[in-house]
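*Asks:* The structure that follows is given in the form of structure tokens.
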Amino acid sequence: LPVLKAVENVELPLLVRGDEPKASRTKALEALAAVGLEPESMKKPAVLSGGQQQRVAIARALVNEPDIVFADEPTGNLDTETTQEVIDLMRRLHREKGLTFVIVTHDSSVGNATERVILMRNGLILKSFRPTPEA
């Protein structure tokens, strides 16, 4: 939300759930630290880069400690370098925290950076495969 600082954006789901404000702030800062944005916690989205905004969104998704994160076009409006940073972050969170990411994307380079791709068209599964790791 553009009127909220990064930390406020991340703690919002906890506050809506009824969690205690002080504990919510601590968890929000921890989530921002997990995505490398704790130093930017008091900034509003307008002064953050596109990649930083995406990482705030990922932190907001992580703050409730889910087992699965559903990401709809998480790199859709990002340049190639920032796209790679977001992919690397999701891969690291998968490896370190055991998170499963279900990513919807039209970008084959994003899909090919995952462990499994399910290609769909008009709601039908066309094929499922494991991308070949890059050398």
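The values are calculated or read from the model by the stated rules, or taken from the named source; none is laboratory data. Since the model is a prediction, treat every value here as computed from it, not as a measurement. Quick reminder, even Gly has a Cβ in these numbers, built from the backbone with ideal geometry, and neighbours come from all protein chains shown. For the accessible areas, the whole protein counts, side chains as well, though only heavy atoms, and no ligand, DNA or RNA atoms are used. Shrake-Rupley method; radii C 1.70, N 1.55, O 1.52, S 1.80 Å.
*Asks:* So which residues in region 82-135 are aromatic (Phe, Trp, Tyr) and in contact with a helix residue (DSSP H, G or I) (Cβ under 9 Å, 6 or more places away or on another chain)?
*Replies:* Matches in region 82-135: PHE101 only.
*Asks:* Still on this model: When region 45-67 is examined, which residues are found to be open to solvent by less than 80 Å² (accessible area, probe 1.4 Å) and hydrophobic (A, V, I, L, M, F, W, C)?
*Replies:* Result: LEU48, VAL56, ALA57, ILE58, ALA59, ALA61, LEU62, VAL63.
Residues are listed down the side, and each one gets a yes or a no for (1) charged (D, E, K, R); (2) open to solvent by less than 90 Å² (accessible area, probe 1.4 Å); (3) within 18 Å of VAL35 (Cα to Cα):
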position: LEU93; (1), (2), (3): no, yes, yes
position: PHE101; (1), (2), (3): no, yes, yes
position: SER108; (1), (2), (3): no, yes, no
position: LEU124; (1), (2), (3): no, no, no
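*Asks:* Among the numbered conditions (1) under 22 Å from LYS5 (Cα atoms); (2) open to solvent by 90 Å² or more (accessible area, probe 1.4 Å); (3) under 12 Å from the mean Cα position of the chain (by Cα), tell me where MET42 comes up short.
*Replies:* MET42 satisfies all of (1) under 22 Å from LYS5 (Cα atoms); (2) open to solvent by 90 Å² or more (accessible area, probe 1.4 Å); (3) under 12 Å from the mean Cα position of the chain (by Cα) except (3).
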